[in-house]
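In what follows, a structure is listed as structure tokens, so that the remarks can point back to it.
The values are calculated or read from the model by the stated rules, or taken from the named source; none is laboratory data. None of the values given here were measured: they were computed from a predicted structure. Here the Cβ positions follow ideal geometry from the backbone for every residue, glycine too, while neighbour counts run over all protein chains shown. These area figures cover heavy atoms from the full protein model, side chains too; ligands, DNA and RNA do not enter into them. Shrake-Rupley method; radii C 1.70, N 1.55, O 1.52, S 1.80 Å.
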Amino acid sequence: MPAHAAGWVLRSAVAADIEVIAELRATVMRADLERLGRYDEHRVRQRLRDSFSPQHTSVIMIDRELAGCVTVRPAGDRQWLEHFYLAPHRQGRGLGSAVLRTVLERTDAQGLTIGLNVLQGSAARRLYERHGFVVEAQDPIDVFMVRPPGAMAGTAAKA
């Protein structure tokens, strides 16, 4: 388990992590889902349970505390970033950027494009844009973003 300068580590998820991650998802996504009129107490947790893949998920640990999680799974010709959540008291301190940089270093090393979706109006979109993601498509609920391998912040993907 590699240690990082900011005192956090990534560990592989295990099946037993599912409920704590489902609760984290419900907490983190509640405000954006409520703003969009999409919050459902059961569905917000069940969507995580239905798509949880421990083999593709890493848990972010700080001092033996689960501080967040991130999933990167194969999806056709790209990797798909999903379930990237940080505990609210861990947000806004650079942890998300540090974890995202680590994830992107891995996908860049493999020469892989990475895609994701973020809710319309979510503050997380700015994080992704700073790391080279650009909008690929959007609808009234989701913004679908993509980042080719090696894209730097502030650059646009070539069409």
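Summary of computed values
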{"quantity": "Within the chain, helix-based [θ] at 222 nm, where runs of 4 or more DSSP H residues each add -39,500 (n - 2.57), nearest 500", "calculated": "-9500 deg cm²/dmol"}
{"quantity": "Per residue accessible area of region 23-159, 1.4 Å probe, in Å²", "calculated": "53"}
{"quantity": "Cα-based shape type of region 38-90, given that a ≥ b ≥ c are square roots of the gyration tensor eigenvalues and the cut on a/c is 1.5", "calculated": "oblate"}
{"quantity": "Karplus-derived 3J(HN,Hα), 6.51/-1.76/1.60, for each residue of region 80-94, Hz, glycine and proline x", "calculated": "10, 8, 8, 6, 9, 10, 10, 3, x, 6, 9, 7, x, 10, x"}
{"quantity": "Whole-Hz ³J(HN,Hα) from phi, Karplus 6.51 cos²θ - 1.76 cosθ + 1.60, for region 64-72, glycine and proline x", "calculated": "6, 9, 6, 9, x, 7, 8, 10, 10"}
{"quantity": "Other-chain or far-sequence residues with amide H under 5 Å of Gln120's (modelled H)", "calculated": "Asp142, Val143"}
{"quantity": "Distant-in-sequence amide H partners of Gly68 (H built 1.01 Å from N, under 5 Å)", "calculated": "Ile60, Ala87"}
{"quantity": "Of all accessible heavy-atom area on the chain, the percent that carbon and sulfur account for (1.4 Å)", "calculated": "52"}
{"quantity": "Sum of side-chain charges, Gly68 neighbourhood, beta-carbon under 15 Å (Lys, Arg +1; Asp, Glu -1)", "calculated": "+1"}
